[in-house]
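The block underneath contains the structure these notes are about, expressed in structure tokens.
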Amino acid sequence: MKNLYISDLDGTLLRSDARTSEYTNRTINALVERGMLFSYATARSYLTACKVTAGLRTDIPLVVYNGAALVDGRDGAPCLKNFFGPEIGEVLENLAAKGVYPIVYAYLEGREKFSYVPSLCTPGMTRFLESRRGDPRTRRVADGKELCRGEIFYLTCIDEKEKLEPLYEKYKDGYHCVFQTEIYTGDQWLEIMPPEASKSHAVIRLKELLGCDRLVVFGDGKNDMDMFEIADECYAVENAVPELKAMATAVIGGNDSDGVARWLESNYYPR
């Protein structure tokens, strides 16, 4: 029986300082050395995920952008990409009509970029972009029309809940949408992705790619619910939202007490 272990990052594998601890790195690396197939599924990009998991061994592909992409764990090369079709231009127009200008992730001339209009940034967007200062993917544009360029695969809207909630209701059935409060800043986010882009879809592809029989997952938030639905075993950390705890096989220690690594240390046995 070949198991695949997948953990969410923020609020799950990462402590509240948005880093994996030395204990978590040491424990998981030792288990990977013994043969454990471990990866993570995150809303982050490969670049920012690598920074917050520095020291963690990632030999197999990783799920990034909430499942919009599956990338090589060693160099970030895309293994699977989900892009929007031409209809994304209409979505961006509709968002602009409601006064919402997202951060747009796309491949332009083969390079990954995130584009935004500096003059139209909300305070939440400014906080997020400040945390990405110096990121080589940064692309500042003059107006909303420039946001439509390239092969677009991910939209991040950071604004008032009252503005974003109607848009979530409008698009949730046609696209994969995540509507939640960011755990570090308290800002309201609406993320819009192609319908095929989800943690569950990407994890299933990874499971097939590795020829695994069973899936064991760990999470804390609503964007982990689809992953829990497809898992053979699913564990919510103590700090998880009630909805996820209700779905879980069991509740384990919280992120600040290295709950995932401690569970793996006690329950992983080479087969």
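Return the loop-located trypsin sites (Lys or Arg not before Pro) in the range 79-161 (DSSP other than H, G, I, E, B) with at most 13 other Cβ atoms within 10 Å of their own Cβ; answer none if there are none.
ARG133
Tell me, how many Å apart are the Cα centres for the range 164-214 and for the range 1-56?
After rounding, the separation between the Cα centres reads 19 Å.
Given the Cα atoms of the chain, and with Rh set as the inverse mean 1/r over their pairs in the Kirkwood sense, what is Rg to Rh to two decimals?
Ratio of gyration radius to Kirkwood radius for the chain: 0.96.
I want the antiparallel fraction of DSSP beta bridges within the chain, as a percent rounded to 5.
55
Can you tell me how much longer the chain between ILE204 and GLU182 gets when fully stretched, taken as 0.36 nm per residue apart minus their C-alpha distance, in nm with one decimal?
Length gained between ILE204 and GLU182: 5.3 nm.
How big is the accessible area of VAL251 in square angstrom, nearest 10, if you roll a 1.4 angstrom probe over the protein chains?
70
Along the principal axes of its C-alpha atoms, what lengths does the range 1-119 span, in descending order and rounded to whole Å?
The Cα atoms of the range 1-119 stretch 53, 30, 26 Å along their principal axes.
Which one, MET193, MET247, MET225, has the greatest fluctuation when you compute a Gaussian network model over the chain with C-alpha springs under 10 angstrom?
Answer for the Gaussian network model of the chain: MET247.
What size of dipole, in debye to the nearest 20, comes out for the chain about its Cα centre when the only charges are +1 on Lys and Arg C-beta atoms and -1 on Asp and Glu C-beta atoms?
Details: 33 positive and 41 negative charges, 144 e Å.
Dipole magnitude for the chain comes out near 700 debye.
Set the Förster distance to 35 Å, then compute FRET efficiency between GLU265 and ALA142 from the Cβ-Cβ distance, nearest 0.05.
Given R0 = 35 Å and the Cβ-Cβ separation, E is 0.10.
Please list, in order, the residues from the range 206-225 whose amide nitrogen is less than 11 Å from a point placed 7 Å along the Cα→Cβ vector of THR249.
The answer is 214-218, whose backbone nitrogens lie closer than 11 Å to the label point.
With the contact rule set at Cα under 8 Å and sequence spacing of 6 or more, what percent relative contact order holds for the chain?
23
Could you name the aspartates and glutamates whose alpha carbon sits less than 15 Å from that of LYS113, not counting residues in the same chain fewer than 8 places away?
Within the straight-line limit of under 15 Å, LYS113 reaches these aspartates and glutamates: ASP135, GLU146, GLU151.
Based on the Cβ-Cβ distance of ALA18 and CYS121, what FRET efficiency does E = 1/(1 + (r/R0)^6) give at R0 = 25 Å, to the nearest 0.05?
0.70
The values are calculated or read from the model by the stated rules, or taken from the named source; none is laboratory data. Here the structure is a predicted model, which is why all the values come from computation and not from measurement. Ideal geometry is used to build each Cβ from the backbone, glycine not excepted, and the neighbour counts take in all protein chains shown. These accessible areas exclude ligands, DNA and RNA; they are computed on the full protein's heavy atoms, side chains included. Shrake-Rupley method; radii C 1.70, N 1.55, O 1.52, S 1.80 Å.
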